[in-house]
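Single-structure report; data block below.
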Amino acid sequence: MSPLGLDQQIRSLRPAKEHVDPYRAHGSLIEDERRPGGTTERALTVFLAGAECPYTCTFCDLWKWTIDGPTPPGALTAQLESILHAQADPLADRLKIYNASNFFDQRAVPAEDVIGIARLAAPFAGVTVESHANTIGSRTLAFAEQITGRLEVAVGLETIHPAAAAQLNKHLDLAQFDSAARFLSDNGIDLRVFVLLGAPHVPAEESVEWTVRTVEYAVERGASVVSIIPVRGGNGEMERLQALREFTPPVLSQLEDALDRSLQFTSTVATADLWDAERLAACEHCTSNRIERMRRLNGTGRAESRIACTMCGSA
């Protein structure tokens, strides 16, 4: 199937999307975040509403948080300004801007919003934005020069499993990722990497192993932070692949295994994405304690014994 045909198939299987207001941010959160070298930052993460990413990845569930069509000029600046004005805690060290798309795609982030966001980001020592590796370039450098803090770009590597990576419809190969990583490093910009747990087309029994290998690959290319994200269903395409036995939803023990093994890479902060982690569990007796343990590991980077449960046999 051609890339365009696959795009159409993936989009045709999606459930209906709720209306998204381009002038209203989805929300924000403040949390302490471990950084390389053992320091801790107070980070404000803002979830903005804008245009959808042009790359139609098989596993993506971010499209539901995007608008139809390009982002109206000025909309993102207005959203961010509203969030910042509402913050009771003005002491965050880092501003993380996630727009469910690519920050350096002008269709998603118009030029005037780049300027407006840079102005609003002035109080922060660090600024994180997200981008497909293929959109990193001159606009990245321009934004890095406009902000007063240090820029970090979050990039989805997903998996280095050769067969799986070729079928994600991400329009990215390892050479392109490596080039983007070198570009960021050469220009004094930090790299944050997203890695999938349970990537489609990776056999379930090999899922943790390939996740850890992918974390290691990101570490070797200078990633400051690597976030392990369990793949979620719900976009139609993942359910199709599951029916074909090409996708097995990850479980909580796999996320624990992947995080525990990734703590060995001490030059990088490896964390587990715990948003909605309860959906990965099957035991009501130990789930909350196991998630809380991973939350501690995210914060400290220090190994802990696993939670033992006589009801489900986890250990």
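The values are calculated or read from the model by the stated rules, or taken from the named source; none is laboratory data. Being a predicted model, the structure only gives us computed values, none of them experimental. In this analysis, Cβ positions are derived from the backbone assuming ideal geometry, glycine residues included, and neighbour counts consider all displayed protein chains. Ligands, DNA and RNA are excluded from the accessible area calculation, which covers all protein heavy atoms including side chains. Shrake-Rupley method; radii C 1.70, N 1.55, O 1.52, S 1.80 Å.
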Does residue 253 fit the bill of being open to solvent by 10 Å² or more (accessible area, probe 1.4 Å), of a type in the set (Ser, Thr, Tyr) and farther than 17 Å from residue 34 by Cβ? yes
Matching residues, the stretch 256-278, being among the small types (Gly, Ala, Ser) and either outside any loop (DSSP other than H, G, I, E, B) or surrounded by 22 or more Cβ atoms within 10 Å (Cβ to Cβ) (or both): 258, 262, 270, 272, 277
Could you grab me the full set of residues in the stretch 279-300 that are open to solvent by less than 40 Å² (accessible area, probe 1.4 Å) and either without any contact (Cβ under 8 Å) to a residue 40 or more places away in the chain or in contact with a Leu (Cβ under 6 Å, 6 or more places away or on another chain) (or both)? 280, 281, 283, 286, 287, 290, 291, 293, 294, 297
Kindly provide the set of residues from the stretch 1-41 that are open to solvent by 40 Å² or more (accessible area, probe 1.4 Å), closer than 30 Å to residue 241 by Cβ and among the hydrophobic types (A, V, I, L, M, F, W, C), ordered by number. 1, 4, 13, 16
Picking from 113, 89, the residue that is open to solvent by less than 60 Å² (accessible area, probe 1.4 Å), among the charged types (D, E, K, R), within 24 Å of residue 39 (Cβ to Cβ) and touching a residue at least 40 places away in the same chain (Cβ under 8 Å) would be 89
Among the residues of the stretch 251-268, write down those that are in contact with a strand residue (DSSP E or B) (Cβ under 7 Å, 6 or more places away or on another chain) and not hydroxyl-bearing (Ser, Thr, Tyr). 254, 255, 258, 259, 263
Which is open to solvent by less than 10 Å² (accessible area, probe 1.4 Å) and assigned to a strand (DSSP E or B), of 226, 215? 226
So which residues in the stretch 3-62 are outside any strand (DSSP E or B) and on the phi > 0 side of the Ramachandran plot, if there are any at all? 37, 38
